[in-house]
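The block underneath contains the structure these notes are about, expressed in structure tokens.
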């Protein structure tokens, strides 16, 4: 049966023109052809073409950003190809892991075993769905343990495969550190602090990383809760909009900033546990932010050991109380902002109506004027202002340059001192000028010209 995915063009036309490729040379079938070649037969040119054709795959884009383009090149020199039809299993729960998989095209479902205590049987439940560019199978390789989930194909799936030895050699050490960092991060969150490490390790399969840019909306007030969020990096703002009605038909929406959430903060769990809609809106506040998300079904399945949903809320009620108090205080401020007996009232939840208020400002009498007297600036003050504007340091005292001829006809107050060592020429009246403190300058050359030069102020 013909699969249309084989003829899917993997690169945009602009990129094809830049690298001198035709559309037929940039299809999935060409990638499969290169992957089916033996590693010993792949030349650097083949690897470079394969690297180009897989450059838009999400997994390789992330690794290039984290570890550089050489990682992509090394992976392309080692990866092979495997195909799995619809409704088949890539691997099953409990099997020994020998391979790491990258989805080139298709969709797979992650199935986790769930024990039914009433019937005392184990059934498999879908906890996640992976698509083009996603990867799976690394946990069993990194921890050298059996598979903790079954991967079932939802559609026909084309996979790029790395065996265990190549995976551990190329990216295994970096991925192991990354996984340990994620487990430690979750362990530091109060919601998971009492969980054993093995349980948190399995929990990583349930999470998906989502990226957001500044002012991008995560969810809006009134939306149905589908996910629980954990801030991995960046900052996210919880806010609530309040409708303000002025006495007439004019309306105004006021935005109340309820909380600013940083790394490690959990939000959305209250609405999921109680089955209510989101009471706030959430927006990315920082330039770039990342959220770990888990679906509401998986979240409640993992916390089913709680006696009831209210126990989960009671442990975090202080956080909710602070947010609610912040909103109530803001409403009180609006309600209490009265001017000359006219008050504002809050009607309904989240709706504020401000009555018209007559504000009269006293007019200033023409007869009562406040005059301010200023003393005129002196000549010295004007000079200081001038020097300051020009960026020149102004000094009250002037010092002449050493061995400079002096014009004795002027009345300038020049501070000078005579040195016994100086052999002066009476025609020029040369003398030595010194700094305050008695530092004499000597053994200096005689100037060539007889023009008076004032040195820069010391």
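The values are calculated or read from the model by the stated rules, or taken from the named source; none is laboratory data. Here the structure is a predicted model, which is why all the values come from computation and not from measurement. Ideal geometry is used to build each Cβ from the backbone, glycine not excepted, and the neighbour counts take in all protein chains shown.
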Considering only residues that are surrounded by 16 or more Cβ atoms within 10 Å (Cβ to Cβ) and in a strand (DSSP E or B), which ones fall in the range 97-123?
99, 100, 101, 102, 103, 104, 105, 108, 109, 110, 111, 112
Could you tell me whether the range 165-181 includes any residue that is surrounded by fewer than 17 Cβ atoms within 10 Å (Cβ to Cβ) and within 20 Å of the chain's Cα centre (by Cα)?
yes
Would you check which residues across the range 1-26 are in contact with a strand residue (DSSP E or B) (Cβ under 6 Å, 6 or more places away or on another chain), within 18 Å of residue 81 (Cβ to Cβ) and at pLDDT 80 or above and list them?
26
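The rows are residues; the columns are (1) within 27 Å of residue 139 (Cβ to Cβ); (2) out of contact with any strand residue (DSSP E or B) (no Cβ under 7 Å at 6 or more places or on another chain); (3) modelled with pLDDT of 90 or more; (4) assigned to a loop (DSSP other than H, G, I, E, B).
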{"residue": "209", "(1), (2), (3), (4)": "yes, no, no, no"}
{"residue": "212", "(1), (2), (3), (4)": "yes, no, yes, no"}
{"residue": "221", "(1), (2), (3), (4)": "no, no, no, yes"}
{"residue": "230", "(1), (2), (3), (4)": "yes, no, yes, no"}
{"residue": "242", "(1), (2), (3), (4)": "no, no, no, no"}
{"residue": "252", "(1), (2), (3), (4)": "no, no, no, no"}
{"residue": "255", "(1), (2), (3), (4)": "no, no, no, no"}
{"residue": "273", "(1), (2), (3), (4)": "no, yes, no, no"}
